[in-house]
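Here's the structure, in structure tokens; my notes come after.
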Amino acid sequence: MIRKNQHGSRFSPHRPSKPGLPQDSKPANKQNASGSDRLEQLIQKATNLTSSLPTSRYTASRQNLRIIPMGGIEEVGENMTVLEYGDDLIVIDMGLAFPDDTMPGVDYIIPDTKWLEQNKRRIRGVIITHGHLDHIGAVPYILPKLGDPPVYTMALTAGFIKKRLEEFGLVGRSRINVLTKDDTLALGSFKIRFFRLNHSIPDSVGLSITTPVGQVVYATDWKFDHTPADGKPTEFDKIAKFGAEGVLLLMSDSTNSVKPGYCISERELGITIDRTFSEIKGRIIFANFATSISRIQQVFNAAAKYNRKIIVTGRSMVNNIEIALSLGYLKIQPKIVIKSEQAKKYPDNQIVVLTTGSQGEDAAGLARIARGDHKTIKIKKGDTAIVSASPIPGNERAVAAVLSNLTRLGAHVIYNKTLDIHTSGHAHQEELKLMIALTKPKFFMPIHGEHHMIVTHAELGKTMGIPEQNIFSLDNGQILEINSAREAKSVEDPKISSGYVFIDGLGVGDVGEVVIRDRQVMAQDGMFVIIVTLDRRAGKLINQPDIISRGFIYMKGNDDLIREVKHEVRKLVESKGKEKLEPNWAFLRNIIRDEIGEYLYQKTERRPMVLPVIIEV
Ligand SMILES: [Zn+2]
């Protein structure tokens, strides 16, 4: 496996670097300050005395607490945060993200952990908040690079992590410690307590981290659900207690910060699923996330009630159901699960197919069923496909294509736009406000989301009375530092890189920005190869140049253009070929690439990748 650590970047047009403190960004206006301006400044100074200090007076110290986001603050996914105090480091979550359209061929994205690798002897432990891939997905890639530090998490999450490590042949290297939500963990200068949160997967916990500087509350992906499917609501009492003790910093999930009101309870969704099952006469194909154990439970409940058997398909669905069952997180009725070969024995109205692929993933169960190439399940008229998930941004088209394929085959489809058949696992605005009200933090750092979601969450914080200068909407690469006087500021540390590492097949980090750009160019306008055979000493063409075009134009229909290009190449070689005789002909190759690239653009308004190949004889 290649571990070159070449970093990609997300090709956002620009990643603005934020000034250290909000007040730094205000233009200096001393000369023109009117009386009222000056008064305002004085009032502000008086009210903010204990908050942030100007950069010049701020000195970094090993007695400062540093919150170092490694990912998850500029994107959905790839969640990973490091806390540093003195010589101690703790890591929270190790997630992966899925690539977008600008990253052709990339399978996953994981955070760049070079700095952490250099400081691995200081890592006291890794805490994982819940079992979603954007929180555990990078564990097998990153853990070995950090010297296999101990992992601490709840039982179901531990089950999912162990399965993942098993798939990568890494079992037994790191100790996976199973804790309960009432345990207290001491890791170096940090004391960690847990509180149960609701989310679309059981065993999601938030963290209270006591540090020498103050208490940090880390609210990972969460929502408040008073009637969750597993009957285990959020531990409000603990959160309120932490609030009463005094919270220095709240870090909280921003995924749904733009959505008003409250998130629908999983119980209410259960009622919808029940009603839907009661009305459907034929087979039901139910697709959802393999990690949504609560949703899977509701499907089992409804199936049992309406006397349906369940066929489970999709590797991760089978694996996760097995793990959840063995750990007691899923309760299913005896003999309800049947093999797909047994389906023939039952009428259609007694069958549910539970499958993965709610995001339109190509290789997952639902897409294969929709394409008609699933081994045993063939769609027929009378089937109803239920997609119980809303597409993650970027997946909408794939989901739509799967839905269309299903309807073409005669299935009726139900999805989040036709019925409330999905509820999110992330808090809406009123819940986010309640979290702030309960914890009453001095400082607030919205996490988990794209920048606009984080900024919206920051605005909510302001409406809850947190002073603007105490709210930190950081970009990747920025660090929040809080000193012993409880003053906070965002800083940048050039030693800590915040890039992305791309995973493509077996390669980790060997596909970098250059490779991705090449792929983008080729994907857009194809490739144009010019093969020139030269007499080495004379620098003269021996044969007519050869042209190979892929994805640019169809050569047969474009004889004129090809002839003209050959002519242009010949002219270039004749005028420049002798100019600079070098062993590798870099000069001539560059000229051919640039000039012919420009020529092709003039003729076609397309920019294929032009690849000159020079053969000398
Ligand atoms: Zn999650």
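At-a-glance table
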item	result
Hits in segment 549-563 - residues which are surrounded by 13 or more Cβ atoms within 10 Å (Cβ to Cβ) and farther than 15 Å from R607 by Cα	M555, N558, I562
Residue within segment 469-480 that is modelled with pLDDT of 95 or more, in a loop (DSSP other than H, G, I, E, B) and within 28 Å of L89 (Cα to Cα) present	yes
Filtered residues of segment 329-349 (kept if at pLDDT 95 or above and under 22 Å from S292 (Cα atoms))	I336, V337, I338
Boolean, A398 is more than 30 Å from L460 (Cα to Cα), crowded, with 20+ Cβ neighbours inside 10 Å, of a type outside the set (K, R) and more than 16 Å from the ligand (Cβ to nearest atom)	no
Where L207 falls short, out of the listed (1) under 23 Å from D87 (Cα atoms); (2) away from the ligand (no atom under 16 Å from the Cβ)	(2)
Hey, D148 touching a Ser or Thr at 6+ places or on another chain (Cβ under 6 Å) and either away from the ligand (no atom under 16 Å from the Cβ) or hydroxyl-bearing (S, T, Y) (or both) or not	yes
Residue match in segment 257-279 (condition: of a type in the set (V, I, T), without any contact (Cβ under 8 Å) to a residue 60 or more places away in the chain and out of contact with any Leu (no Cβ under 8 Å at 6 or more places or on another chain))	yes
Filtered residue count, segment 77-99, keeping only those that are of a type in the set (D, E, K, R) and either touching an Asp or Glu at 6+ places or on another chain (Cβ under 7 Å) or modelled with pLDDT under 90 (or both)	1
Within segment 414-454, tally of residues that are modelled with pLDDT under 95 and away from the ligand (no atom under 16 Å from the Cβ)	11
Condition met for T55 (within 29 Å of E450 (Cα to Cα) and modelled with pLDDT under 50)	yes
Residues that are in contact (Cβ under 8 Å) with a residue 12 or more places away in the chain, out of contact with any strand residue (DSSP E or B) (no Cβ under 6 Å at 6 or more places or on another chain), in a loop (DSSP other than H, G, I, E, B) and more than 16 Å from the ligand (Cβ to nearest atom), drawn from segment 213-231	H226, T227
Sole residue being assigned to a loop (DSSP other than H, G, I, E, B), exposed (fewer than 15 other Cβ atoms within 10 Å of the Cβ) and of a type in the set (G, A, S), chosen from G131, G105	G105
Hey, I192 under 28 Å from the mean Cα position of the chain (by Cα), buried (at least 22 other Cβ atoms within 10 Å of the Cβ) and farther than 30 Å from A302 by Cα or not	yes
Listing of strands (runs of 3 or more DSSP E) fully contained in segment 280-358 that carry 2 or more residues being of a type in the set (D, E, K, R) and more than 16 Å from the ligand (Cβ to nearest atom)	none
Filter pass, A458 being under 27 Å from S484 (Cβ atoms), among the hydrophobic types (A, V, I, L, M, F, W, C), away from the ligand (no atom under 16 Å from the Cβ) and in contact with a strand residue (DSSP E or B) (Cβ under 8 Å, 6 or more places away or on another chain)	yes
Residue match in segment 109-121 (condition: within 21 Å of G449 (Cβ to Cβ), touching a Pro at 6+ places or on another chain (Cβ under 9 Å), within 16 Å of the ligand (Cβ to nearest atom) and not basic (K, R))	no
Number of positions in segment 182-204 that are within 12 Å of the ligand (Cβ to nearest atom) and among the hydrophobic types (A, V, I, L, M, F, W, C)	2
Residue list for segment 85-102, filter: away from the ligand (no atom under 16 Å from the Cβ), outside any loop (DSSP other than H, G, I, E, B) and touching a helix residue (DSSP H, G or I) at 6+ places or on another chain (Cβ under 9 Å)	D88, L89, V91
Residue list for segment 161-183, restricted to those being at pLDDT below 95 and either among the acidic types (D, E) or crowded, with 23+ Cβ neighbours inside 10 Å (or both)	E166, E167
Spans of helices (runs of 4 or more DSSP H) in segment 513-617 with at least 1 residues in contact with a helix residue (DSSP H, G or I) (Cβ under 6 Å, 6 or more places away or on another chain) and at negative phi	559-576, 586-604
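The values are calculated or read from the model by the stated rules, or taken from the named source; none is laboratory data. This is a predicted model, so every value here is computed, not measured. In this analysis, Cβ positions are derived from the backbone assuming ideal geometry, glycine residues included, and neighbour counts consider all displayed protein chains.
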